[in-house]
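The values are calculated or read from the model by the stated rules, or taken from the named source; none is laboratory data. What you see is a predicted model, and the numbers here were worked out from it, not measured in a lab. Cβ coordinates were reconstructed from backbone atoms using ideal geometry, including for glycine residues, and neighbour counts include every protein chain displayed. The accessibility values were calculated without ligands, DNA or RNA, using every heavy atom of the protein model including side chains. Shrake-Rupley method; radii C 1.70, N 1.55, O 1.52, S 1.80 Å.
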Amino acid sequence: MGAITLALISSVLWGLADFLGGLRSRTLPVPVVLAGMYFSSLAVMLVYVAVRGEGPPSSSHVLAALGSGLAGIVGLSAFYRGLAIGTMSIVAPIASTGVALPVLVGVLDGDRPGIVRTAGLALTVAGVVLASRETDGGGVPGPDQRRSVLLAVMTAICFGSYFVLAQIGARGDVAWGLALSRISAFPLIAMAALLALKRGGARPGRSAIVALSGFGLIDLAANALYNHASTIGQLSSVSVAGSLYPVSTVVLAALVLGERVQGVQRLGIGVALTGVVLIAAGG
């Protein structure tokens with residue numbers, strides 16, 4: 001199976017995990033949701049690397065994998081909070097524009113974007129501006145919507161960093177890259193979850209814990225497919241294909257939550273996603 005196909009499958013799984021995790025974040029603290037998801041994926045990867053019996057890769061690959069974990073958990077925290085307080089079909093496309101970072105890294109590494117990819121980058125920026133004009137009905141963006149847009153921009157930066165660092169870590173070893181990324185992220189999110197619970201945050205019941213564990217395994221599968229794809233394909237193309245996860249999130253938000261986005265916001269979403277597709281087409 002080709003690198004782009006693997007990355008596209010990972011984007012579908014990411015979109016599903018993000019929708020489910022973001023939805024759960026509306027009733028549980030975001031750190032608690034992420035801690036539940038990361039615990040299951042960390043446990044699976046620790047068992048896997050232990051049974052496989054191969055040592056970790058070189059220090060540069062280890063550092064990149066650890067860094068990808070930190071970028072990923074900060075990005076997910078911002079993303080899930082944005083999904084919880086804002087409109088999913090606005091937040092998700094803005095977050096997807098983080099793909100511009102690995103494209104720029106490719107350019108600095110000697111890659112030339114060409115006319116199509118350059119047009120895609122311009123469209124993603126325009127789409128962010130248009131999509132962020134969501135209002136509460138009075139013509140002025142509401143405070144929660146403004147915060148959700150800022151969180152989406154933070155997510156884009158972190159996810160773009162993850163795409164770059166995860167590829168470097170995966171070059172050393174895909175399994176160790178996944179395990180190390182969770183080793184660096186889990187202590188931080190676990191402490192944040194404990195703090196949230198001490199402050200009176202809602203505690204997950206048994207069914208919620210099982211659900212979060214399942215969400216974590218979906219997210220792990222998405223990361224595994226992306227990491228493997230990044231070792232057999234070009235970073236710019238693979239990262240863009242993997243960044244199409246908002247399509248799943250937006251479709252699920254429309255089908256399950258009945259979200260409707262009107263006017264210029266709908267145009268902005270379409271422009272941003274079109275830009276991402278053009279970046280991929282120019283790869």
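Tabulated results
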| item | result |
| --- | --- |
| Residue list for region 15-28, filter: touching a Leu at 6+ places or on another chain (Cβ under 9 Å), open to solvent by 30 Å² or more (accessible area, probe 1.4 Å) and outside any helix (DSSP H, G or I) | Arg26 |
| Ala193 being in contact (Cβ under 8 Å) with a residue 12 or more places away in the chain and within 20 Å of Ala35 (Cβ to Cβ) | yes |
| Near pairs, Cβ below 7 angstrom, 6+ apart or cross-chain, from region 26-54 (among the basic types (Lys, Arg)) to any residue that is surrounded by fewer than 24 Cβ atoms within 10 Å (Cβ to Cβ) and part of a helix (DSSP H, G or I) | Arg26/Ala84; Arg52/Ala175 |
| Search result, residues across region 154-195 that are open to solvent by 20 Å² or more (accessible area, probe 1.4 Å), over 25 Å from Gln234 (Cβ atoms) and either among the hydrophobic types (A, V, I, L, M, F, W, C) or part of a loop (DSSP other than H, G, I, E, B) (or both) | Met154, Ile183, Phe186, Leu188, Ala190, Met191, Ala192, Leu194, Leu195 |
| Region 215-237, residues that are in a helix (DSSP H, G or I) and open to solvent by 30 Å² or more (accessible area, probe 1.4 Å) | Leu217, Ile218, Ala221, Ala224, Leu225, His228, Thr231, Ile232 |
| The one condition in (1) touching a helix residue (DSSP H, G or I) at 6+ places or on another chain (Cβ under 8 Å); (2) under 15 Å from Ser89 (Cβ atoms); (3) of a type in the set (A, V, I, L, M, F, W, C) that Leu255 fails to fulfil | (1) |
| Filter result (open to solvent by 20 Å² or more (accessible area, probe 1.4 Å), in a helix (DSSP H, G or I) and among the β-branched types (Val, Ile, Thr)) within region 51-101 | Val51, Val62, Val74, Ile85, Thr97 |
| Meets criteria (assigned to a helix (DSSP H, G or I) and open to solvent by less than 30 Å² (accessible area, probe 1.4 Å)) for Thr249 | yes |
| Which listed residue, of Pro56, Pro29, is farther than 23 Å from Thr249 by Cα and out of contact with any strand residue (DSSP E or B) (no Cβ under 6 Å at 6 or more places or on another chain) | Pro56 |
| Test: residue in region 266-282 that is touching an Asp or Glu at 6+ places or on another chain (Cβ under 8 Å), closer than 21 Å to Gly75 by Cβ and hydrophobic (A, V, I, L, M, F, W, C) | no |
| Residue identified as more than 13 Å from Ile73 (Cα to Cα) and modelled with pLDDT of 90 or more among Ala192, Ala211 | Ala211 |
